Each structure stands twice: as structure tokens, then as C-alpha cells.
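None of the figures in this text is laboratory data; all of them are computed from the coordinates on show. Remember, it's a predicted structure, so these values are computed and weren't measured experimentally. Here Cβ is always computed from backbone atoms with ideal geometry, including for glycine, and neighbour counts include all displayed protein chains.
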Amino acid sequence: MKRLRPPRRGIALAAVTLMATTGLAACGGSNSGSGPAHLTWYINPDVGNADASKAKGGQAYLAKVCSDQSNGKYQIKVQLLPNSASDQRIQLLRRLAGGDKTMDLMSVDPAFVSEFAAAGYFAPVPKNMVATFKKDRVQSSIDASTYDGKLMSVPFWANTQLLWYKKSVAKKAGLDMTKPVTWDQLIKAAQQTKTQIGVQAALYEGYSVWINALVTGAGGKIVDNPNATYDKIRLGLNSAAGKDAARIIKKVSSTGVGGPAMGSSEETQSLNLFISPQGGFLVNWPYTYGAYTGKDKSDVAAAMYPETVAGKASRPPYGGIQLAVGKDSQHATLAYQAAACITSVKNQAEYMAKSGNPASSKAAYAYPEVRKAFPDVQVVGANGKTIKVSLADLIRKSLDLAAARPLTPYWGDISTALQQRFSPPNAVNQNTPSSTQSFILNVLNGKALL
Amino acid sequence: MSTVAEATKGDLTAEEKAHLSDRAKGERNLGWRLAGPAFIIMLLVTLYPICYAIYLSLFNYRLTDPAGRKMVWLQNYLTALSDPLFWQAFTTTLIIVVVTLVFELVIGMAIAMVMHRVVWPRRTLRTIVLIPYSIVTVVSGFSWLYAAQVGTGFFDHWLHAITFGGFPMDYNWFGGRWSSLAIICASEIWKTTPFMSLLLLAGLAQVDSAQEEAAKVDGATWWQRFTKVILPNMKAALMVALLFRTLDAVRIYDNPYVMTGGANKTETLSMLVGTETVSRVEIGMGSALAVILFIIVLLIALIFVKLFKVDLTTSGRS
């Protein structure tokens, strides 16, 4: 035993020294003294990911641009979040709940802003900056950043879905694409031309996006009082609007126009279906235009999201990213200054042109690089008259009409329950909305497992 | 250690206990002093979380909604035990436990007997057999996932070739409950059979070869020797191996999580606990489910120890 002692003591000493030095290094990371403050920005994966080059032009690039412009006040370091929205939520949530001090800036999916805001996880937006963050933004992006009447996050980029179609197919079916079309018209057109409609109906958040768009398009709301606590929440799924939504989902599935793999179709699969020769129509985000790899790209055009009920303007889905500052951030004020820089009109325009993710700033749509990335396309009406449609303007118009998913702290549960109960799409019937509604209420009140 | 274990055995009468020799007393004290610190640390790191989980399970408590925290007593347990999703997860777990255990026991026994008889290359063989067990479960889960995937996996190709085209090339293993469970079980069996066979090998070493010889001389067949001599003699090791594997299998998480994520009714009890606590942050309900899982594990251990009389202190000694 005795012989072993010296080396053991040596190991213990080494361990203590190691711990002490790593502890010191950790302290050095969050310097509050001289030199620039180190801000950490948790970004969702995009075109650039962690690559800060101008050629990529992703969020990492904006981080570098703003760090350089801050005159040494702050230095932004990006941390990449997981791919899926649900995994991003879990990582952010666990860090925020654990009081992580590095949560200076984060890119949050609007579907989860309310949940985090209601839990008090965000540092309040400085009063003198509220006007800046609301200025010149599309209304849907301000709505998505607001909880309980207060601005809780900064609108960054704003997404919306359009109806993408092939001009040749629409012409063959005799659809007048210069006017709004309904889902029923689309289904009929697809049947006539033996083409398919790309939709997202796999068991994931995108399916809830579709269901919500159909319900709001019929004038309904999935949640009537989004600010209520779980025991007082009222749902509007069991309604005429909910039944309209169920009817359309069932029809797309049972007529076969949703494609053979509709029940496992996410954005990518639906885009691939649209690119294939069978593809005729697609509801998807604007990145579609840049990502369309088919040879007949000149045949592709876009229109406003289809109407659920004829004559009632559609409410296209709203998506995108809001910027938020964590409650335990050591540099909340600087982080909001950085957010103001990141979301400046110029940066938003550049980001939109490079990443294909639309800006929340209205002025950004006038920038030449944006108009180049989302150009004008020729559309022929039913009367044979050709008109020009600017994709950039169309996206802006769609954003004005877009409806966010219910801004309730319980959206995560509601969304999962919706996806589960509306799957598989061909099993959806007129009772689905009412059974889903009672299931969601049971889940929220702790009377059923999810 | 063996004297301490024997001294603490319950077959001493009260009088005998009172007159324990000084040496026995001293050994017992030494035993406590040696094991005491570890015992206290064990209590700190396991008992506290367990008690806290039991306490939390009495609440309707969502991490993101601290204000809505409400004492609901046993409501979470009632909800869980009357919920179809819970019983579905329970059944899935039970199926996995039974299927993997049967296969692991049979294959593990066969491998153990081979390893017991083989003289050369004994060490190399034992190392090779252990390779699957040394692989991280998540990694082996992904390997099996990719192997069974439509298009890129080789399972369909091989089965197609072996059956001369009878097996479809595009069979989706993860498209249904039973085919998914088959792959999950296969992966689990592949990975943990080595562990089983090593425990059984230790048991085989306990068997007195003289008894076996005697049985052989008496004209017992191979099967008779196996069931009447070998198995009874290694019962203790066998039961410990079974107990360990059952407790392990009940808590299965990685493989189904990686391969199906719980789709097609393949969610296990551990995954259900994970979903409620990690993704839904329903701490109350998640804790209740964790406590239920803990009770299930306790019950299994109790059944083994009381009913099958597994003595954890004597097995494994060779």
C-alpha cells in the first residue's frame, strides 16, 4: 500500500490542478471586464450553418458582420441547434430551464415563442427598442412575437407558404391562376390531369401547419383563447371550420392526388413529388423556387395559398424565426443591440437573397438582390392574357394574410395530439375534429398520456 | 468476505447470535467500515432522487408553467394506469423482454458450453464473443437501423437472394409493429447474448466434473446429463443471469428510440417516461411513470429473489 502513495498523490494533484485551470478557463469565457463581450447565438441550421463566409450568407455571416460593426462592443459566436424544430425546442428549453448563462441570443421557431415567453424564459425587450423591432415589419411577424399583448421577441425572418404549380398543368386543367383557387378546384384539376399535389402530412410539425392553415382558412381557430391556462383553454376544432379541414385532408388522400406516400411526406418529399413528372401542384415555403432542380423551371409559378372555402380569402401558414434573449444572459442589453443589427433591413435583404428565407421587413422586398432571387414569372390567365407575377411581392402579400399557429404555451402538446389523431390522412373523417378536441383537452388536463 | 456473508445469514439462532465470537464481531465491524462510505454515497445519489421523484409524481407540474403547479395526489397514477397508451407501452416492453430473454438464454447457453469445452484458443474466443457487448447501444442501434433500411440496407438484399427472389426487395421493416419489433429484438439479442453467455460460463465452471463423469458411467444420455446434472448445479448462476437481463430488458430505451422513435406502437415504458419528462416537460406525470417503472423493476427482483430463491451472495463464486 505504502509504495503506491506517491503516484496516487501525484494523480490527485494533477486532477485538482486540471479542475482549477478548467474552472478558470470557464470564468475567462464570460469576461465582464475589458475587451468585447462574448455573445452566444444559438442558430437553427440554414444555408451557412457555422460557415461565416459572405458567399454562404447564413446567420453565421450576419453574426460576423454585426460583430465587426459593433466597434469592439461584442463578439458573436454561433452555436448550431439540431435540425428538427422539436429537437431545437428541447435543447433551448432545457438550457433555459437550467438557467444557462450563455443564452444571449437564440433563433426560435414562432411555434414555441409563446411557451418560452409564458414561462418567463426571455429577458424583457427594452422599452426604447420596441418601436425599432416593430417598425416596417409584416403584421404576422409582429403577432408571432407578441404574447399577452407584449413584444417578447424580435421578428427576424418571416416564412409563408405559397401554392406552387406547373403552368402547363394548370393550363391543361383550365384553371385560372390569376384568381384565387380553392382546394376542391385543385383536387379536381389534379384528377383531370392525372397529376399530384404535394402536401405535408407526415407525423411532424408540418402536418399541424397544414391543418391550422385549413382551419383558419375556413374562418375558424384551433384555440379560441391562447393566453388561457390549460384548465381554462377553449378549442375551436370541433366546428364547421374543423370539419371543412378534415373533409379536404380526407379528399386529398382518398382521391390519391396526395401521392402514394402522403402519410410520410415532409417538405422535402413533397418538393420531390412536385419536381417529378407526376407533380402538378405543391403547397410549400418559398425556398421551393431556389431548390427546384427540375429542367422545366420556367414552367414553375406560384400563387396565393388555396382557399379552404370558396370566396373566403385563405390564411397562408406563417413560419420563420424570431430572435430572443435568454433571461439569464449576462449581456441582455448588448444582445438586443446585436438583434437590432442582425434584423436591420439591409441584413434581412441579404439573408433573404442568400438563404431563400423571406424577410419580416417590408422594405427588404425592394432590394435588387431580393428581386433577383425571387423574380417575376409569366402567368397566363384563363382568357389567354399574360400577366407578370413577382414572386417577391407575392410572398409579401401572403405574409400580410398569413396566420400564425395558435400562440398558446401548450402548442407543443396540441400540435403532437393533432398530428397523431389526424394520422394516417386517409383515416380522417367528420368525427376526427371532435374526437381530437376532447383528446387534446384530456391531455392538457393530465387525464390522458401523449 | 465469505465469513461475513455466512455470519449474517439468517440461520443462526438468537442465542448463537448473542455469542458471536469476537473475531466474527470484529469482521462484521470491519465489513461495515469498509462498505459504509460506499453505502452512504449510494443512499445519497439514489435514495434522494427516488424520494424526490415520488414527491413530484403527486403534482400536476409542467416545467414551463410553474404557476400552474397543483397537488393532485394519486391522480397521475390513476391516469397512467387507466390510459391505453401506458398499456400499449407495457405490452411492447413485455414482448421485448420475453422474446429477447428466451433467445439470449438458449443461444447464450450454447455459446457458454462451446467456450467451456474449447481448450484452444480459449482466451481469443472469449474476447471475440464479447465484441458485440462492448459496442455502445446507440451505435449498434444505428447499425441495425441502416442494415434493415429499405433500399440502402443489406437485409432485404440478402433475404431476397437466399429465398431466390421470394422475399420482396423493398420490404419496409420499420413500416409495421411486428417487423419493427423483430429488428429491435434481434439487435438486442445480438448485443447482449455475450453478457449472458459469460455469466453462464461462470456457472458452468461451478459444475463438478466428477458428477458428470459419474452420470456418464451410469449410462446417462447427453440430454439427461444436461438437465439432471449440469442445470441443477448451475442454477444459482443461471438465475442471476436471468435476473440481470430481465431488469436490463425492462428498461430498454436506446434501440427502439434510434430505430423507430416509438412509431407503429413500438414505444416502450422507458421511452414513455422520456417523452413525458423530456419533450413534454410534464414533470409530475413523468415522475409518476418513472415510479411505476421502478415498482415494476422491484417486483421482478422480488419475484426472482423470493420465488426462485436467487441468492445474490453465493453465485458467481467459483
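Quick look at the values:
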read-out: Label-point separation in nm, residue A:296 to residue B:48, each point 7 Å along Cα→Cβ; value: 6.8 nm
read-out: Antiparallel bridges, percent of DSSP beta bridges restricted to the protein assembly as shown (to nearest 5); value: 70 percent
read-out: Most fluctuating residue given options A:145, A:355, A:314, as computed from a GNM of chain A linking Cα atoms under 10 Å; value: A:355
read-out: GNM result for chain B, Cα springs below 10 Å: residue of B:189, B:128, B:296 fluctuating most strongly; value: B:128
read-out: Partner chain coverage, peptide A:441-448 - average Cβ within 10 angstrom; value: 4
read-out: Rg ratio (alpha-carbon, reference 2.2 N^0.38 Å) - chain A; value: 1.09
read-out: Rg(Cα) / (2.2 N^0.38 Å) computed for the stretch A:218-260, rounded to two decimals; value: 1.54
read-out: In order through the stretch B:268-282: 3J(HN,Hα) via Karplus (6.51 cos²θ - 1.76 cosθ + 1.60), integer Hz, x for Gly, Pro; value: 9, 4, 4, 5, 4, 4, x, 4, 5, 7, 7, 8, 8, 6, 7
read-out: Furthest towards positive pole of dipole, A:306, A:55, A:378, structure part chain A, Cβ charges; value: A:55
read-out: Estimated FRET transfer efficiency when R0 is 41 angstrom, pair residue A:194-residue A:312 (beta carbons, to 0.05); value: 0.90
read-out: Cα shape, the stretch A:259-348, gyration tensor, a/c 1.5 rule; value: prolate
read-out: Rounded Å value of the spacing that divides the Cα centres of the stretch B:79-109 and the stretch A:399-450; value: 30 Å
read-out: Under the span-like rule (Cα at least 27 Å along the axis, Kyte-Doolittle mean at least 0.0), DSSP H helices of chain A; value: A:5-29
read-out: Listed peptides A:297-303, B:115-121 by packing density, highest first (mean Cβ within 10 Å); value: A:297-303, B:115-121
read-out: Peptide B:269-282, shielding by other chains (average Cβ, 10 Å cutoff); value: 3
read-out: Inter-chain shielding of B:80-88 (mean C-beta neighbours from other protein chains, 10 Å cut-off); value: 2
read-out: The stretch A:146-246, Rg to Rh (Cα coordinates; Rh as Kirkwood inverse mean 1/r); value: 1.06
read-out: Chain B: DSSP helices with Cα axial extent of at least 15 Å and average Kyte-Doolittle hydropathy no lower than 0.0; value: B:84-117, B:122-134, B:137-148, B:177-206, B:235-250, B:283-302
read-out: Positive-end residue, chain B charge dipole about Cα centroid, Cβ charges, pick of B:114, B:158, B:234; value: B:234
read-out: Added length on full extension, which subtracts the Cα-Cα distance from 0.36 nm per residue, residue B:128 to residue B:71; value: 15.1 nm
read-out: Value at 222 nm in deg cm²/dmol, rounded to 500, when DSSP H runs of n ≥ 4 in the protein assembly as shown each add -39,500 (n - 2.57); value: -16000 deg cm²/dmol
read-out: Principal axis dimensions, largest first and in whole angstrom, of the stretch A:323-450 by Cα; value: 60, 55, 20
read-out: Distance from the stretch B:139-173 to the stretch A:233-254 (C-alpha centre basis), Å; value: 39 Å
read-out: Kirkwood Rh and Cα Rg combined as Rg/Rh, the stretch B:97-196; value: 1.04
read-out: Cβ-based charge dipole, chain A, positive-most Cα from A:323, A:409, A:42; value: A:42
read-out: Under 5 Å, built H, 5+ apart or other chain: amide partners of residue A:79; value: A:41, A:42, A:43
read-out: Values of log10 I(q)/I(0), in the order q = 0.04, 0.05 Å⁻¹, for the protein assembly as shown under a Debye, Cα-only, solvent-free model; value: -0.23, -0.36
read-out: Once the Cα gyration tensor of the stretch B:74-308 is diagonalised, semi-axes √(5λ) in Å; value: 36, 26, 15
read-out: Mean projected area in nm² (Cα convex hull; one quarter of hull surface) for the stretch A:336-375; value: 2.5 nm²
